[in-house]
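Asker: Could you have a look at this structure, given as structure tokens, before my questions?
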Ligand code: 13P
């Protein structure tokens with residue numbers, strides 16, 4: 001039995017006052033939720049204030065990225081240990097926006113995952129094909145490359161700290177969600193590949209989140225797919241009502 005995960009990626013939105021208001025509005029709306037892990041990924045500058053406000057709430061917080069070195073002369077970077085220090089239990093690695101705009105590669109993704117796990121963080125590793133790649137029927141090749149290269153040298157034990165997020169690039173911020181069948185097909189492929197590369201038990205326990213235009217009106221049917229274990233939500237996580245509605249998908 002895999003515990004479902006609903007994570008909100010705030011991307012480059014929300015300064016302190018807005019971030020705190022969102023958390024204040026969201027907290028009472030989800031106070032009664034059980035059996036769903038809730039994660040918020042604010043920007044680095046508001047991690048501390050958000051953490052303080054959440055106090056002893058079960059809502060977890062995540063960094064949106066981290067560097068692979070713990071300290072050193074790396075101006076502008078944030079280390080895994082700094083995220084832990086700020087109260088994070090999770091970090092997102094390899095988001096397609098980082099791959100696209102900031103030259104993230106499967107190799108840097110791998111280094112970051114290993115460093116994050118070393119620091120004790122759960123890593124939400126993002127993978128997914130572009131529209132061109134899907135149209136050229138390369139979806140599974142892309143996923144295979146991203147998984148094999150991204151997860152190189154991880155042990156089964158380290159894989160317990162990994163969650164995968166399938167985020168087809170063409171579905172991010174476009175309002176075009178993958179169909180339930182497209183999501184299930186990709187997730188089942190990912191789980192089979194993890195079973196091959198690691199073990200059956202590793203694949204069985206792995207949470208695979210779907211991301212890309214998840215909204216209150218499509219979450220339920222996505223979550224009803226056998227291999228969809230959660231969602232990584234962008235735009236719809238920026239207002240308390242829509243994110244709470246997504247978290248309450250079972251209702
Ligand atoms: P949207 O939900 O805005 O499409 O963003 C998805 C995403 O990139 C989450 O990481």
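The values are calculated or read from the model by the stated rules, or taken from the named source; none is laboratory data. Remember, it's a predicted structure, so these values are computed and weren't measured experimentally. In this analysis, Cβ positions are derived from the backbone assuming ideal geometry, glycine residues included, and neighbour counts consider all displayed protein chains.
Yes or no, residue by residue, for (1) within 17 Å of residue 233 (Cα to Cα); (2) under 18 Å from the mean Cα position of the chain (by Cα):
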| position | (1), (2) |
| --- | --- |
| 92 | yes, yes |
| 95 | yes, yes |
| 98 | yes, yes |
| 117 | no, yes |
| 122 | no, yes |
| 130 | no, yes |
| 136 | no, no |
| 140 | no, no |
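Asker: Looking at (1) in a loop (DSSP other than H, G, I, E, B); (2) within 16 Å of the ligand (Cβ to nearest atom), which is the only condition residue 98 fails?
Answerer: The failed condition is (1).
Asker: Could you grab me the full set of residues in region 202-251 that are over 30 Å from residue 157 (Cα atoms) and away from the ligand (no atom under 15 Å from the Cβ)? Spell out the reasoning first.
Answerer: At the first step, the residues of region 202-251 found to be over 30 Å from residue 157 (Cα atoms) are 213-221, 235-246, 248-251.
If the condition is that a residue be over 30 Å from residue 157 (Cα atoms) and away from the ligand (no atom under 15 Å from the Cβ), then 220, 221, 240, 241, 244, 248, 250, 251 are the ones that fit.
Asker: Looking only at residues that are part of a helix (DSSP H, G or I) and closer than 20 Å to residue 209 by Cβ in region 115-132, which one is farthest from the ligand (Cβ to nearest atom)? Let's see the steps before the verdict.
Answerer: Here is the first cut: in region 115-132, the residues part of a helix (DSSP H, G or I) are 115-118, 131-132.
Subset that is closer than 20 Å to residue 209 by Cβ: 116-117.
Values: 116: 17, 117: 20 Å.
So, considering only residues that are part of a helix (DSSP H, G or I) and closer than 20 Å to residue 209 by Cβ, the one farthest from the ligand (Cβ to nearest atom) is 117.
Asker: Something else now. Pairs please, first residue from region 215-232 and over 16 Å from residue 204 (Cβ atoms) and touching a residue at least 60 places away in the same chain (Cβ under 8 Å), second anywhere and within 12 Å of the ligand (Cβ to nearest atom) and in a loop (DSSP other than H, G, I, E, B), Cβ atoms under 8 Å, 6+ apart in sequence or on different chains.
Answerer: What qualifies is 231/214; 232/167; 232/214.
Asker: Okay, moving on. Residue under question is residue 83, and the condition is that it be touching a strand residue (DSSP E or B) at 6+ places or on another chain (Cβ under 6 Å), farther than 21 Å from residue 236 by Cβ and not in a loop (DSSP other than H, G, I, E, B); does it hold? Spell out the reasoning first.
Answerer: Values: touching a strand residue (DSSP E or B) at 6+ places or on another chain (Cβ under 6 Å): yes; farther than 21 Å from residue 236 by Cβ: yes; not in a loop (DSSP other than H, G, I, E, B): yes.
Here the answer is yes, as residue 83 does meet what is asked.
Asker: Taking the conditions exactly as written (at pLDDT 95 or above, within 18 Å of residue 121 (Cα to Cα) and surrounded by fewer than 13 Cβ atoms within 10 Å (Cβ to Cβ)), does residue 59 satisfy them or not? Break it down stepwise before answering.
Answerer: Values: at pLDDT 95 or above: yes; within 18 Å of residue 121 (Cα to Cα): yes; surrounded by fewer than 13 Cβ atoms within 10 Å (Cβ to Cβ): no.
No: the conditions fail for residue 59.
Asker: If you don't mind, there's one more thing I want to ask. Name the residues in region 101-114 that are touching a helix residue (DSSP H, G or I) at 6+ places or on another chain (Cβ under 7 Å) and outside any helix (DSSP H, G or I), would you?
Answerer: Selection gives 104 alone.
Asker: With region 140-251 as the region, which strands (runs of 3 or more DSSP E) entirely inside it contain at least 3 residues that are out of contact with any strand residue (DSSP E or B) (no Cβ under 6 Å at 6 or more places or on another chain)? Steps first, answer last, please.
Answerer: On the way: elements: 162-166, 208-211, 230-233.
Counting at least 3 such residues, we get no strands (runs of 3 or more DSSP E) at all.
Asker: Sticking with this structure for a sec: Across region 237-251, what is the number of residues that are without any contact (Cβ under 8 Å) to a residue 60 or more places away in the chain and more than 17 Å from residue 3 (Cα to Cα)?
Answerer: Residues that pass the stated criteria total 2.
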